[in-house]
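Report on one structure; see the data block that follows.
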Amino acid sequence: MTHLKIRNNCQGGITLIDNEFIDQYMAEANGEYVKAYLLLLRFSAAGSDLSIAKIADRLECTERDVMRALGYWEKAGLIGLTYDADHKLCGIEIARLTGDTSPDPAAEDSGAPGAPVSDMRSYRNRRDFAELSYVAECYLGKPLSKTESDTISYFLDDLNLPVELIEYLIEYSVEGGHKSFHYMKAIARAWAEKGIASVEEARADADEHSAFAGNCSRVLKACGISGRVAADSEREYIRSWLDQYHFPMEVILEACGRTLDSIHKPSFAHTNKILTDWHERGIKTLADVKRLDPKRSGRSAKTAEQKTSPFNNAPSRSYDMDDLEKRLLQSN
C-alpha cells in the first residue's frame, strides 16, 4: 500500500475549515468531493500518513471515486498533487486560502514534496471551470487530461461560450456517442461562428443538423449506398436540392431511383441533372413528376450516351407494343 505524505499550509494542531472554502467552493462542489477535502484536512492536521485506499475505506467509496475528487480539487486550485517516477500519486499539498491559493513560498524552497503552482492556476480557481470539469468527468467517467482541461478553458476564454452552453455541448456530444474533445471543439467553433450563445439556439441547430444527417442517410440508401456517411461533395448536392431547389425528400428519392434504373449505379451528378431539369420545368412535387414526367427514367442518361456512342448513325425507332399486339391478333 502506497502511503501519501500530506503537507498542510493551513493552521495546524486542529482541523480548521477556511471561511473562503465555505463561501466560495463548498456550495459548488459535489457532496462526496467536499467529504474528501474535509478528510484531507483532518488527516493532515493530525500529521497522519494516508493512502487512497484508506480514504476510500473511510468514505465508503471506490479508489476511483477518491481520485476523481482529488482531481476536482486540484483543478479548483485547493490542492496540489505530486507523482513518483511510476506516475503513482505520492503527495498532496493543501493550498492556503483566504485570498491566496498559492503554496507557501518558503515551503517550496524547502524541497519538501508538493506540486508547484501550474500554468493553469489562473483558471483553475474559477468556479465555472471547476463546475465544467466536474460535469465533463461525470459524463466521460474519468478524470480529465491536461489537453481536455485546456479545451474547456478554450471554450470559456477564446470562444466566450456561456457555462450552460458548454454543459449542453458536453451532454450533446457524449449522448451522441462522441466522447472526443476534438469533436466537441469542432462543434463549439461552429456554434461560435454562427453566433449561437444559448442552449435554445444550440438545440435548434442540433435538431437541424440531425434532420439533415437523416436526409443524407435516406438519399444514400436510395442510391444503393450503405456502410458510410455522405461525403462533403454529396452533402453539397443534397443541401442544394433541399435549400436551393426546395424539393421535398420524396422527389429527391424518386430522382435517385431513376438514376439507378437508368445507369445501374449511384451517381449524384446524374441525379443532379434530373433534379435540375425538374426545377427548370417548374416541377415541385411527386405528383408533378408523375404528371409532367411520366416514365422518364433514364432519358437524360440515354441522351448523354447518344452523344458519345459510335452507333448514333443508326436511325432510332419507337414501337407501340399495344398496337403491335393488336395487329398480331388480327392477323391470326
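The values are calculated or read from the model by the stated rules, or taken from the named source; none is laboratory data. This is a predicted model, so every value here is computed, not measured. Using ideal geometry, Cβ is built from the backbone for each residue, glycine included, and neighbour counts are taken over all protein chains shown. Protein only, heavy atoms only, side chains kept; ligands, DNA and RNA dropped before computing areas. Shrake-Rupley method; radii C 1.70, N 1.55, O 1.52, S 1.80 Å.
Okay, here's what the table says:
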quantity: Identity of the residue in the stretch 51-75, open to solvent by less than 70 Å² (accessible area, probe 1.4 Å) and charged (D, E, K, R), that ends up farthest from residue 92 (Cα to Cα); calculated: 65
quantity: Filtered residue count, the stretch 257-286, keeping only those that are open to solvent by 20 Å² or more (accessible area, probe 1.4 Å) and not in a helix (DSSP H, G or I); calculated: 8
quantity: Residues located in the stretch 204-240, provided they are open to solvent by 70 Å² or more (accessible area, probe 1.4 Å), of a type in the set (Asp, Glu) and at pLDDT 90 or above; calculated: 236
quantity: Given (1) among the charged types (D, E, K, R); (2) within 30 Å of residue 211 (Cβ to Cβ); (3) at pLDDT below 90, index of the condition residue 243 fails; calculated: (3)
quantity: Helices (runs of 4 or more DSSP H) completely within the stretch 134-244 that count 1 or more residues being of a type in the set (A, V, I, L, M, F, W, C) and over 21 Å from residue 254 (Cα atoms); calculated: 146-157, 163-175, 181-194, 199-222
quantity: Strands (runs of 3 or more DSSP E) within the stretch 1-120 that include 2 or more residues at pLDDT 75 or above and out of contact with any helix residue (DSSP H, G or I) (no Cβ under 6 Å at 6 or more places or on another chain); calculated: 79-83, 89-94
quantity: Selection count, the stretch 179-191, where residues are open to solvent by 40 Å² or more (accessible area, probe 1.4 Å), in contact (Cβ under 8 Å) with a residue 24 or more places away in the chain and more than 17 Å from residue 146 (Cα to Cα); calculated: 1
quantity: Leading residue by the ranking (nearest to residue 137 (Cα to Cα)) among those in the stretch 82-97 that are touching a Phe, Trp or Tyr at 6+ places or on another chain (Cβ under 9 Å) and open to solvent by 10 Å² or more (accessible area, probe 1.4 Å); calculated: 89
quantity: Residue 146 vs. criteria at pLDDT 80 or above, among the charged types (D, E, K, R) and more than 20 Å from the chain's Cα centre (by Cα); calculated: no
quantity: Which numbered condition residue 194 misses (of (1) more than 18 Å from residue 75 (Cβ to Cβ); (2) in contact (Cβ under 8 Å) with a residue 12 or more places away in the chain); calculated: (2)
